Amino acid sequence: MSIESQPLDRHIRAIDLKKDLGQIANLVEVCFSDHMDAEGRDYLHHMRLTARNSLYLQYAGNSPETSAYPFHGYVWEENGEVIGNLTLIFIRRRSVNSYFIANVAVHPNHRGRGIARQLTERALRHVMEHHGAIVYLQVRDDNPVAYHIYSSAGFTEIARRTTWRFDSDHQPPGSTLRSPGISKTRNTDWNQQKNWLLDLYPPSISWNLSFHLRHYEPGFHSWISRLTSGIQVHNWAYKPHGRLQGALIWEKGAFQTDSLWLATTPLWEEEVINTLVPYARQHIAKPEKAYLNYPAGRSVEAFHKAGMQEHLTLVWMEKPMPHTHP
């Protein structure tokens, strides 16, 4: 049976911000609190503040889905209670209308009934009705049930990314405050560093990370971009014997978390991690706020040795939609 011909469950309806946002925030907390980082908690706090702002709700609730308000999607409601949610975010990449599925949550007391699957099917129907070309989502690698739902719906895996954070119980041995070979990057390092960054954070995934290449390159325009965005960037290079083998960017954000962006090649990857990551830890004001995104499964032992631990691994999936005509 195709998506178009499948009947809709009477419990599924479009999100009504005024009515639902507070309940959605509670549902997201129940479902994801065990894995929520500082940025996630800040997002949850923002949702609750928004739920109490009637003027904002009226404006955002009447906004089209192409606006900047990520509060469109569908809920599953029973007896006046929202027990399932799916947020559908419109994105436009390379002149193509696309969608991102997020915050798929089902209350633990109601799992196993096919609610997440039916919400996903409704979202895919929505994308087809609005002539979307492709749908993206992310799922934790330790959630095989959700992975099966999405793969059965036609999503295919395009990447796996692990987010690393500093392990508070593990300090790497030795002092790296004055490690030989570490210095600030020079303008002449940028072309090589840029190529490594584009290899590790390609456009196919970087659009959904807080990764902005224009913030990291040298020059006046980048400085202005950082200034207007409220971020600070520190850029360290590792050059044993004068040859650039890797670089690490510490992006100090304006919000709850900082980002670390590693640039190197598999040939020197482990050495660069074991040198630059401990160095960064000793220079970052609040290392517990810093996260490093990296391809899953690469240099796992090196990250552990450098004093980091896995925070989570996400599977990135996509589904091209059949061609439709307005």
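The values are calculated or read from the model by the stated rules, or taken from the named source; none is laboratory data. Please read these numbers as outputs of a predicted model, since none were measured by experiment. Glycine also receives a Cβ, built like all others from the backbone with ideal geometry; neighbour counts cover every protein chain displayed.
Against the list (1) modelled with pLDDT under 95; (2) under 18 Å from the mean Cα position of the chain (by Cα); (3) aliphatic (A, V, I, L, M), the condition I224 fails is (2).
Considering (1) of a type outside the set (G, A, S); (2) surrounded by fewer than 20 Cβ atoms within 10 Å (Cβ to Cβ); (3) modelled with pLDDT of 95 or more; (4) not in a loop (DSSP other than H, G, I, E, B), say which one L260 fails and leave the rest. Result: L260 passes all but (2). Only one of the numbered conditions (1) surrounded by 19 or more Cβ atoms within 10 Å (Cβ to Cβ); (2) assigned to a helix (DSSP H, G or I); (3) small (G, A, S) is not met by S151, and that is (1). The residues of the stretch 270-309 that are among the acidic types (D, E) and either assigned by TED's automatic domain parsing to the domain that holds A38 or more than 23 Å from the chain's Cα centre (by Cα) (or both), listed by number, are E270, E271, E301.
Evaluate the stretch 290-300: report whether one residue or more is within 30 Å of H131 (Cα to Cα), aromatic (F, W, Y), in a strand (DSSP E or B) and modelled with pLDDT of 95 or more. Break it down stepwise before answering.
Step one: filter the stretch 290-300 for residues within 30 Å of H131 (Cα to Cα), giving none.
No, the stretch 290-300 has no match at all.
Checking the conditions here, which among Q282, Q232, Q256 is in contact with an Asp or Glu (Cβ under 7 Å, 6 or more places away or on another chain) and polar (S, T, N, Q)? Give the derivation first.
Details: Q282 fails: in contact with an Asp or Glu (Cβ under 7 Å, 6 or more places away or on another chain); Q232 fails: in contact with an Asp or Glu (Cβ under 7 Å, 6 or more places away or on another chain).
On inspection, the qualifying residue turns out to be Q256.
Within the stretch 1-64, considering only helices (runs of 4 or more DSSP H) that don't extend past its boundaries, which have at least 3 residues that are modelled with pLDDT of 70 or more, under 30 Å from S152 (Cβ atoms) and under 22 Å from the mean Cα position of the chain (by Cα)? Show your work before the answer.
On the way: elements: 17-32, 38-51, 54-61.
Helices (runs of 4 or more DSSP H) meeting the threshold: 17-32, 38-51.
Right, V75: crowded, with 17+ Cβ neighbours inside 10 Å, touching a strand residue (DSSP E or B) at 6+ places or on another chain (Cβ under 9 Å) and not in a helix (DSSP H, G or I) or not? Taking the combined requirement at face value, the residue satisfies it.
Kindly indicate whether F211 is closer than 18 Å to Y294 by Cα and not polar (S, T, N, Q). Answer is yes for this residue.
L200 falls short on exactly one of the conditions (1) over 23 Å from S259 (Cα atoms); (2) assigned by TED's automatic domain parsing to the domain that holds K239; (3) crowded, with 17+ Cβ neighbours inside 10 Å, and that condition is (1). Using the structure shown, decide if W236 is assigned to a strand (DSSP E or B) and either touching a Lys or Arg at 6+ places or on another chain (Cβ under 8 Å) or crowded, with 16+ Cβ neighbours inside 10 Å (or both). Yes: the conditions hold for W236. Restricting to the stretch 78-100, count the residues that are polar (S, T, N, Q) and either without any contact (Cβ under 8 Å) to a residue 12 or more places away in the chain or surrounded by fewer than 20 Cβ atoms within 10 Å (Cβ to Cβ) (or both). Residues in the stretch 78-100 being polar (S, T, N, Q) and either without any contact (Cβ under 8 Å) to a residue 12 or more places away in the chain or surrounded by fewer than 20 Cβ atoms within 10 Å (Cβ to Cβ) (or both): 3 in total.
Of all the criteria given as (1) among the β-branched types (V, I, T); (2) under 17 Å from the mean Cα position of the chain (by Cα); (3) under 14 Å from P320 (Cα atoms), the one not satisfied by V104 is (3). When H131 is tested against (1) on the phi < 0 side of the Ramachandran plot; (2) surrounded by fewer than 16 Cβ atoms within 10 Å (Cβ to Cβ); (3) touching a residue at least 24 places away in the same chain (Cβ under 8 Å), only condition (1) is not met.
For P203, are the conditions met, namely being at pLDDT 90 or above and either within 25 Å of S95 (Cα to Cα) or of a type in the set (A, V, I, L, M, F, W, C) (or both)? Steps first, answer last, please.
Working: at pLDDT 90 or above: yes; either within 25 Å of S95 (Cα to Cα) or of a type in the set (A, V, I, L, M, F, W, C) (or both): yes.
So P203 fits the description; yes.
The criterion of being in contact with a Ser or Thr (Cβ under 7 Å, 6 or more places away or on another chain) and either charged (D, E, K, R) or loosely packed, with under 15 Cβ neighbours inside 10 Å (or both) does not hold for E301.
Here is the figure for the stretch 204-232: residues that are closer than 19 Å to W190 by Cα, part of a loop (DSSP other than H, G, I, E, B) and not charged (D, E, K, R) total 4.
For the stretch 264-280, the condition of being under 24 Å from L213 (Cβ atoms), modelled with pLDDT under 95 and surrounded by fewer than 17 Cβ atoms within 10 Å (Cβ to Cβ) holds for none of the residues.
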